[in-house]
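K.L.:
A single structure is presented below for examination.
Bear in mind these aren't lab numbers, they're just calculated from the coordinates by the rules spelled out. All values reported here derive from a predicted model rather than from experimental measurement. Methodologically, a virtual Cβ is constructed for each residue, glycine included, from the backbone with ideal geometry; neighbour enumeration extends over all protein chains shown.
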Amino acid sequence: MSKCFLGIDIGTGSSKGVITDISGRIMAETAVPHEMDMSEPGFYEQDAEIVWWGDFVKLSRSLTDTLKTEHKLAAGSIKAVGVSTIAPCVLPVDKTGRPLRPGIMYGIDTRASEEIKELEDLIGRENIFRMTGQDLSSQACLPKVRWIQKHEPEIWQKTDKVLTATGYIVFRLTGRPTLDIYNAIGYAPVFNIHEQRWDNSMNSITSDYSDQDEIIKLSKLPELLWSSEIAGSITAAAAELTGLAEGTPVITGTGDAASEAVGAGVCRAGDMMMMYGSSNFFIMRTEKLNPIKSFWASNFIDAGSSVLTGGMSTVGSLFKWFTETFPGRTLAEWESLAAGASPGSGGLTVLPYFAGERTPLNAPEAKGVIFGLSLQTRPGDLFRALQEAVGFGIKHNIECMRAEGAAAERIVAIGGATKSRALMQIISDITGLSQFIPDVTLGACFGDAFLAASGSGYFKDSTESCKWVGIADEIIPNAGLFDFYEKRYNKYRDLYESTRHLL
C-alpha cells in the first residue's frame, strides 16, 4: 500500500490542501476561498466553525475523493495528517469545545492596543521580554484575551479553553486540546520560552476584571506539544465528516508561516523564508534561541530548534485595496503601467502601514501615507510606489536584524506575490539580496504534509525537508540601483519619523 500524507492549511483569504507520497510528489491538491469579517476598523475575525473547520472538511473530502478516483487508493493510505492555520489566533470555547465567538485573528487585528499598554504597565516590558523573548504587539494573544475579559465578560465566564485556529481543528479531529510550542510565544507573559512550558510566575496581576486576579488561569490553556508530535488520531465522528480513516495519526500542527518555511526547504541556520501573502512574514533559522528587541525569537518545529521571526502587516492586501479603491484596471494592467514608471516612482514615497505595522516598528497605530503627489504623477507611478514601499519595509526588517547580529545567508521567497516578477525584482534591487524561488509553490500545506511524514517517523526531523524541495528560479539584484534606492530608503525612514506624531 502506498504511503501518503495529507496537509491542509487555513489561510487569511483561502485554504489549501495537498496529498503527497513519501518522496514529496504531489498526488492531489485543491483550494477553497473564504472571507474575513471586519466588524469595525482594526477588528478582524473569522467564524471557526464555518471557515476553519468547514474548509478543512471540504478540502479533506475533495482530496480523499481524488486519491480514490485517480490513484485507486483508499483513505487508509494516508499515514498521517498535518494542519496549519493563520496564527496566532484567539478562540474561546466552552466545555464541549463549541466556539463562543468568532476567532480573533493574528497581528492584523489591533483591537487590544489598550490592553497591551495595561499589561506592560502592570508587569513591565523588561519582565515580559525576559520571560518570552519578545515585546507585546498586535500579534500577542493575551492582550486579546484580556480584551474579551473586559468587553465580553459573559463570553469569558463560559470559556473553558482558549484555542488557536490550528488547535481548534486538531481538537475537532482528535478531541485533544493542544497548542504547538512554536505558537505558544503568543501567550506572553505566561509562556516560558527558555523552558518551553506554561509559567505562572507573572500571572497573578491584580485587575478589576480579569479571572480571579490572574491574566488567565493556566487551566484554560491547551497542552503544549512540539509541532510534529502526534496529538492524537482521527475519531469516528471526525472520520465520518472528513472522509479520513478513523485512527489516522494527526500531528499537533502549527502556524502557516512555520509550515511555509518547512515547505520551502528552510533547513539550516541562516536560511530565511520570506513569505509574501496578504501580509508578509519571515522566519530565519538560528543556531540558538536569540531574543532580539523588535522581533520575535521562538522555539521552532522540533525540540532544540529555534528561529527569529517578524513581518509586515500589508503586502498583497495593499495591492488588493488599491485595485478595489481605484477600479477599472486589473492587477495585471496596473503592473504593466508600473513597469513603465521609472525607479523612484516619479518622486512618490509610500508608507505601507495601511493596517498598522508589525516588525520592526510594532506600531498598530501607524497609518499609510502617499507622499510627493503632483500634477505630473501618473497612475503607474502610484502603483510602483506601492511596490517600492514593500521593498523598503523588507529592507527595514533585514537591516535591523543585521544590526543585531542576525544576518540572513539565504532567502527563499514564497507566497502569492512571488508570481509578480516585477515586485520580486524591485525588492531584491532595494535590499541588494538575491531571492530563491522553490520549485514547489503550494505553500504551507506542502510543509504540513512533510511534518506529518516526519511526525509519524518517516523522517528524522524538519531539517530533512530539503529532500522535498528544489530551487526553480533566482532573483538577482541590479547592483546599479542599490545606491539610488538607498537614498530613497532613507527618505522612507525619515517620512515615518517626521509624521509619526500625526498618525
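K.L.:
Name the residue farthest towards the positive end of the dipole of the chain from the options Leu225, Gly103, Ala363, assuming +1 on Cβ of Lys and Arg, -1 on Cβ of Asp and Glu, about the Cα centre.
P.N.:
Farthest towards the positive end: Leu225.
K.L.:
Oh, and also: For a quick check: sort Glu464, Glu474, Glu45 by the number of other beta carbons within 10 angstrom, fewest at the front.
P.N.:
Glu474, Glu464, Glu45
K.L.:
Based on the Kirkwood radius over alpha-carbon pairs, what is the Stokes-Einstein translational diffusion coefficient of segment 102-174 at 37 °C with 0.692 mPa s viscosity, in µm²/s?
P.N.:
Using the Kirkwood radius from Cα pairs, D works out to 244 µm²/s.
K.L.:
Please state, as a whole number in µm²/s, the translational diffusion coefficient that the Stokes-Einstein equation yields for segment 171-312 at 37 °C and 0.692 mPa s, with Rh defined as the Kirkwood radius across alpha carbon pairs.
P.N.:
Using the Kirkwood radius from Cα pairs, D works out to 196 µm²/s.
K.L.:
Let me know the charge dipole size of segment 4-255 about its Cα centre in debye, to the nearest 20, where only the beta-carbon of Lys, Arg (+1) and Asp, Glu (-1) is charged.
P.N.:
780
K.L.:
Return the tail of the calculated pair distribution for segment 389-444, meaning the percent of Cα-Cα pairs more than 12 Å apart.
P.N.:
Distances greater than 12 Å cover 68 percent of the Cα pairs.
K.L.:
Could you give the length gained by full extension between Ser498 and Glu333, i.e. 0.36 nm per residue of separation minus their alpha carbon distance, to one decimal place?
P.N.:
56.0 nm
K.L.:
A further question follows. Please report, in debye to the nearest 20, how large the charge dipole of segment 121-262 is about its Cα centre when each Lys and Arg carries +1 at its beta carbon and each Asp and Glu carries -1 there.
P.N.:
My answer is approximately 80 debye.
K.L.:
Shifting gears a bit: Please give the length that would be gained between Arg130 and Leu218 if that part of the chain were fully extended, namely 0.36 nm times their separation in residues minus their C-alpha to C-alpha distance (nm, one decimal).
P.N.:
29.7 nm
K.L.:
Over all distinct Cα pairs, what is the inverse of the mean 1/r for segment 1-101, reported as the Kirkwood hydrodynamic radius in Å?
P.N.:
This gives a value of 14.9 Å.
K.L.:
A further question on this structure: Taking R0 as 51 Å, what's the FRET efficiency between Asp121 and Glu486 from their Cβ-Cβ distance, rounded to 0.05?
P.N.:
0.85
K.L.:
Moving to a separate point now. What's the lysine pair count for segment 4-255 at a Cα cut-off below 18 Å, pairs eight or more apart or interchain?
P.N.:
Value for segment 4-255: 21.
K.L.:
While we're here: Provide, for q = 0.16 Å⁻¹, the log10 of I(q)/I(0) from a solvent-free Debye sum over equal Cα point scatterers in segment 107-239.
P.N.:
Debye intensities relative to I(0), on a log10 scale: -0.82.
K.L.:
Let's test the formula: R0 of 35 Å, r as the Cβ-Cβ distance of Ser434 and Gln196. What FRET efficiency results, to the nearest 0.05?
P.N.:
My answer for the efficiency is 0.50.
K.L.:
Of the options Asn299, Ala87, Gly457, report the single residue whose Cα projects farthest towards the positive end of the charge dipole of the chain (beta-carbon charges: Lys, Arg +1; Asp, Glu -1).
P.N.:
Value: Gly457.
K.L.:
Oh, and also: For Lys72, Lys3, what ranking results if the residue with the fewest other Cβ atoms within 10 Å of its Cβ goes first?
P.N.:
Lys72, Lys3
K.L.:
I want to verify the translational diffusion coefficient of segment 4-255 in µm²/s; compute it with Stokes-Einstein, Rh as the Kirkwood radius over Cα pairs, at 20 °C and 1.002 mPa s.
P.N.:
115
K.L.:
Rg and Dmax in Å for the chain, alpha carbons only: what are they?
P.N.:
Here Rg and the maximum Cα pair distance are 22.1, 68 Å.
K.L.:
To continue, here is another question. Work out the length of the dipole vector of the chain about its Cα centre, built from +1 on the beta-carbon of each Lys and Arg and -1 on the beta-carbon of each Asp and Glu, and round it to the nearest 20 debye.
P.N.:
620
K.L.:
State the extension gain, in nm to one decimal, for the chain segment bounded by Ala236 and Gln157, taking 0.36 nm per residue of separation less the distance between their alpha-carbons.
P.N.:
Length gained, Ala236 through Gln157: 25.4 nm.
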